[in-house]
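Report on one structure; see the data block that follows.
The values are calculated or read from the model by the stated rules, or taken from the named source; none is laboratory data. These numbers come from a predicted model, not from an experiment. Cβ sites come from the backbone with ideal geometry, for glycine too, and all protein chains shown count toward neighbours. Accessible surface areas use protein heavy atoms only, side chains included; no ligands, DNA or RNA. Shrake-Rupley method; radii C 1.70, N 1.55, O 1.52, S 1.80 Å.
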Amino acid sequence: MQVVGYESGEGLSVASGGAVEFVEATPGTELAFGLGDRRCAGTVHDGEHVACDADDAPYCDAHRHVWVCARCTGTCLKDEMDCHEAHAVYLAAFAPDVLKVGVTRLWRLETRLREQGADRAAHIRTYPDGRIAREIEAELAERDDLVDRVRVPTKLAGFGRDVDDATWESLLAGFDPIERFAFDHGLDLDDRPVAETMAAGTVRGWKGRVLVLDRDGSTYAVDARDLVGYELTEEVPDRELQSSLGAFGG
């Protein structure tokens with residue numbers, strides 16, 4: 001049984017013998033899997049899994065999909081531009097003080113913010129197509145106080161911390177937000193969880209693609225993408241894990 005995908009806030013997609021099933025991982029769910037070998041997760045086509053034996057994980061070159069729109073700065077990279085619908089330009093804050101500018105289709109705005117695990121956000125502009133929105137995003141990303149990408153380790157560094165209100169409000173002072181968002185991901189963290197790759201424990205919740213698990217008195221943060229490609233086993237290894245209590249020195 002191999003992990004072939006995930007749904008943030010919901011669970012893991014696993015495949016065996018071509019069949020794809022969903023393993024729920026909502027708050028309170030008990031996961032009890034060990035991790036075996038890891039290889040390319042292959043692909044899912046028409047609801048069936050097509051396996052791949054390549055060692056590269058989570059995907060080999062043949063199955064690695066790059067969404068070209070994510071690299072767009074206003075000059076379409078496709079053979080034909082197809083983003084002819086309203087797009088939102090947004091600002092997002094990740095605790096304590098990482099500020100990001102991004103673009104998404106207007107109807108997906110809140111969903112996209114939750115997928116990224118944003119703590120605060122503001123919808124600042126709406127444009128009739130993605131090309132114009134990407135141009136504005138690229139211009140704003142050149143500012144010293146904004147980035148257009150936030151890596152998972154950077155997001156993890158802010159778990160259990162609050163957004164710096166002064167920094168966030170200072171940024172928004174230069175805009176006239178259409179709508180503002182504040183997200184409570186329901187994790188109730190007192191300390192930063194320990195980064196681990198595992199699939200055993202009680203689900204505390206999700207923040208973006210990060211799955212937070214409680215296990216043996218400690219709390220762990222698992223980047224769900226790091227699980228993709230692993231074979232799940234029924235035997236949970238009794239390995240020594242780093243304790244989250246004081247693990248980061250306060």
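Secondary-structure-derived ellipticity at 222 nm for the chain, considering helices only, amounts to -3500 deg cm²/dmol, per-run term -39500 (n - 2.57) for DSSP H runs with n ≥ 4.
So which residue, out of I124, I136, I178, gets the largest mean-square fluctuation from a GNM of the chain using Cα contacts under 10 Å as springs? In this elastic network of the chain, the residue with the biggest mean-square fluctuation among I124, I136, I178 is I178.
Charge dipole of segment 74-182 (Cα centre as origin; +1 on each Lys and Arg Cβ, -1 on each Asp and Glu Cβ, all else neutral): 360 debye, rounded to the nearest 20. With a ≥ b ≥ c the root eigenvalues of the C-alpha gyration tensor of segment 74-182, is it rounded (a/c under 1.5), prolate (a/b larger than b/c) or oblate? The shape class here is prolate.
Seen through its C-alpha gyration tensor, with square-root eigenvalues sorted a ≥ b ≥ c, the chain comes out oblate because a/c lies at 1.5 or above while a/b is not bigger than b/c.
The mean accessible area for residues of the chain, using a 1.4 Å probe and ignoring ligands and nucleic acids, is 54 Å² per residue. If one computes the Cα centroid of segment 153-195 and of segment 7-58, what distance in Å separates the two points? Centre-to-centre distance over Cα atoms comes out at 30 Å. Across the accessible surface of segment 74-182, with the other protein chains kept in place and a 1.4 Å probe, carbon and sulfur atoms take up 43 percent. Distant-in-sequence amide contacts of H87, defined by a placed amide H-H separation under 5 Å and a gap of 5 or more residues or a different chain, comprise L106, Y127, D129.
Here the peptides 141-147, 156-162, 220-226, 193-199 are ranked by packing, the mean other Cβ count within 10 Å, and the order with the highest first is 220-226, 193-199, 156-162, 141-147.
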